[in-house]
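The values are calculated or read from the model by the stated rules, or taken from the named source; none is laboratory data. Just so you know, these numbers come straight off a predicted model, no measurement behind them. Cβ coordinates were reconstructed from backbone atoms using ideal geometry, including for glycine residues, and neighbour counts include every protein chain displayed. When the accessible area is computed, the model is the full protein with side chains, heavy atoms only, and any ligands, DNA or RNA have been set aside. Shrake-Rupley method; radii C 1.70, N 1.55, O 1.52, S 1.80 Å.
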Amino acid sequence: MSTITNHLPTSELQALDAAHHLHPFSANGSLGLEGARVITRASGVYLTDSEGEKILDAMAGLWCVNIGYGRDELADVAARQMRELPYYNTFFKTTHVPAIALAAKIAELAPGDLNHVFFAAGGSEANDTNIRLVRTYWAEKGQPDKNIIISRHNAYHGSSVGSASLGGMAGMHAQGGIPIPNVHHINEPNWWAGGGDMTPEEFGVARARELEEAILELGEHRVAAFIAEPVQGAGGVIIAPDSYWPEIQRICDKYDILLIADEVICGFGRTGNWFGSETVGIRPHIMTIAKGLSSGYAPIGGSVVSDEIAEVISGTEFNHGYTYSGHPVAAAVALENLRILEEEKIVDHVRDVAAPYLKDKWEALADHPLVGEARIVGMMASIALTPDKASRAKFASEPGTIGYLCRDRCFANNLIMRHVGDRMIIAPPLVMTPEDIDEMMARIYKSLDEALAEVTEKGLMKAAA
Ligand SMILES: Cc1ncc(COP(=O)(O)O)c(C=O)c1O
């Protein structure tokens, strides 16, 4: 049996990588010169690279390997499914058992009347589906002009043209004619960066009211939906003040706006409930799912919609779909992942064991001289780096300089922790034990101490004017 194994020295792998492989979200020129780290295998919460270094993965891959690496059950299911039915589509009056079983399982797990799943290969595709779904829904209800989707600056909803348009990442919008028309952005509920003199609770309400102001400005008859992550992930693990979501729900209800919860990161246990919507107390009409659905072992995502939406769009031909919608191998892997999540009570483990254990330690990071706020919900957390806690100051250096420097210290200490500007974030595998958490925190403190020493030595511990 042939497998892809590492048979070349690291330098040769890096040279081939630089010569032929364009990396996502990377400056490929400088990456090629530096040489990408080559990951060769993984088990539990640790990765191994081509030099044999053991790296603690505090990002669960890209927020997805929720059950941890190396679960044979998923490999066995994939092999079995590939032998039985490796591929078939669900387009032309056909279906197959893995798609049926997975859709039914998701309907059982999803809150409220979210009982219908349209499959995709990931979160970006699913959010593109959502654009089509909500516009089709209102058109079928005789309101084709109700087609504007409101989102938030600094949101991340994917990287296809449609989903990047929903997202609010300035760097992405600067490339390639994004956003598409009829997408409108309001400000994010990031109190640390934007709260000024307001209390977090006042600020939460003020930011939610921006949705109401936008609806009134654009016209209720024009606004189809509001999309948001229950906790902004890629934007820096921004956890809204408690006052934010009840106000958002009130506004969506009042103006008859569909609420789309992008659960790509928050779904399947990350926040200590099955879905982030449950954690923040909202009742979405649509949920976007991906990542934790299969713990990243196979590419699969989808849109989970309410009974009413399913009924309305069923009246017309929905001219949309992907070759890999409901891919049988990915669906079988996802089902097995959900079985493990349920039978091993991993969501309970997050809520009752891992998250409470991590919370105390995480919040204590706010005492570190380089750290301002330290925020956490379930197993996703962030710290804001600052030269001056009291004034919530930004650094005088180019935004992201200190975060990048800190990220490099983590990397050197065999810890995968990501930076978003000058925030540092984690989203580790949900199966982390208290011992894993102790080890992660030790590496975080070491990295922060080293970063502080470097920042101080370089004279960068200065606040922006
Ligand atoms: C909230 C959210 N939505 C959508 C996406 C896009 O998912 P994918 O990369 O699977 O297309 C991501 C990816 O990080 C995400 O975090």
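Going by the conditions given, is Thr90 free of Cβ contacts under 8 Å to residues at least 12 places away in the same chain and away from the ligand (no atom under 16 Å from the Cβ)? Judged against the criteria, Thr90 is not a match. Criterion first (of a type in the set (Phe, Trp, Tyr) and within 30 Å of Ile67 (Cβ to Cβ)) does Phe411 satisfy it? Considered against the rule, which asks whether it is of a type in the set (Phe, Trp, Tyr) and within 30 Å of Ile67 (Cβ to Cβ), Phe411 comes out as yes. Among the criteria (1) in the same structural domain as Gly112 (by TED's automatic domain parsing); (2) surrounded by fewer than 21 Cβ atoms within 10 Å (Cβ to Cβ), the one His349 does not fulfil is (1). Would you call Leu365 buried (at least 23 other Cβ atoms within 10 Å of the Cβ) and either assigned by TED's automatic domain parsing to the domain that holds Met287 or assigned to a helix (DSSP H, G or I) (or both)? No: the conditions fail for Leu365.
A quick yes/no check of all residues on (1) in contact with a Lys or Arg (Cβ under 8 Å, 6 or more places away or on another chain); (2) within 24 Å of Pro434 (Cα to Cα); (3) not hydroxyl-bearing (Ser, Thr, Tyr); (4) not in a loop (DSSP other than H, G, I, E, B):
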| site | (1), (2), (3), (4) |
| --- | --- |
| Phe25 | no, no, yes, no |
| Ala36 | no, no, yes, no |
| Ser43 | no, yes, no, yes |
| Thr48 | yes, yes, no, yes |
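Taken together, Ser43, Ser26, Ser50 contain a single residue that is away from the ligand (no atom under 16 Å from the Cβ), open to solvent by 40 Å² or more (accessible area, probe 1.4 Å) and polar (S, T, N, Q), which is Ser43. Residues in region 393-413 include none that are crowded, with 22+ Cβ neighbours inside 10 Å, polar (S, T, N, Q) and closer than 22 Å to Asn190 by Cβ. Among all positions in region 133-142, there is no residue which is crowded, with 18+ Cβ neighbours inside 10 Å and farther than 27 Å from Tyr255 by Cβ.
The residue of region 53-93 that is farthest from Lys291 (Cα to Cα), among those that are open to solvent by 50 Å² or more (accessible area, probe 1.4 Å) and hydrophobic (A, V, I, L, M, F, W, C), is Phe92.
Residues considered: Ala261, Ala290, Ala298. Of these, the only one that is closer than 23 Å to Ser325 by Cα and more than 11 Å from the ligand (Cβ to nearest atom) is Ala298. Enumerate the pairs (first residue in region 207-221 and free of Cβ contacts under 8 Å to residues at least 12 places away in the same chain; second residue anywhere and assigned to a helix (DSSP H, G or I) and surrounded by 11 or more Cβ atoms within 10 Å (Cβ to Cβ)) with beta-carbon separation below 9 Å, excluding pairs fewer than 6 apart on the same chain, so at least 6 apart or on different chains. Pairs that qualify, where the first residue is free of Cβ contacts under 8 Å to residues at least 12 places away in the same chain and the partner is assigned to a helix (DSSP H, G or I) and surrounded by 11 or more Cβ atoms within 10 Å (Cβ to Cβ), are Leu216/Tyr255. Residues in region 214-237 that are more than 16 Å from the ligand (Cβ to nearest atom) and either more than 17 Å from Asn147 (Cα to Cα) or open to solvent by less than 30 Å² (accessible area, probe 1.4 Å) (or both): Ala214, Ile215, Gly219, Val223, Ala224.
Looking at region 109-120, can you tell me whether even one residue there is open to solvent by 30 Å² or more (accessible area, probe 1.4 Å) and touching a Pro at 6+ places or on another chain (Cβ under 7 Å)? Within region 109-120, none of the residues are open to solvent by 30 Å² or more (accessible area, probe 1.4 Å) and touching a Pro at 6+ places or on another chain (Cβ under 7 Å).
Every residue in region 144-170 that is open to solvent by 20 Å² or more (accessible area, probe 1.4 Å) and either more than 19 Å from Val305 (Cα to Cα) or of a type outside the set (S, T, N, Q) (or both), please. Result: Pro144, Asp145, His153, Asn154, Tyr156, Ser159, Ser160, Val161, Met169, Ala170.
Taking the conditions exactly as written (over 27 Å from the mean Cα position of the chain (by Cα) and away from the ligand (no atom under 16 Å from the Cβ)), does His96 satisfy them or not? It is true that His96 is over 27 Å from the mean Cα position of the chain (by Cα) and away from the ligand (no atom under 16 Å from the Cβ).
For first residues located in region 287-303 and on the phi > 0 side of the Ramachandran plot, partners that are among the polar types (S, T, N, Q) and lie 6+ apart or on another chain with Cβ distances below 6 Å form the pairs Ser295/Asn66; Ser295/Asn337. For the criterion of being in the same structural domain as Glu278 (by TED's automatic domain parsing), within 17 Å of Ala155 (Cα to Cα), surrounded by fewer than 24 Cβ atoms within 10 Å (Cβ to Cβ) and within 16 Å of the ligand (Cβ to nearest atom), Gly204 fails.
If I ask for residues that are more than 19 Å from Gly302 (Cα to Cα) and within 15 Å of the chain's Cα centre (by Cα), which ones from region 235-266 would you list? Matches in region 235-266: Gly235, Gly236, Val237, Ile238, Ile239.
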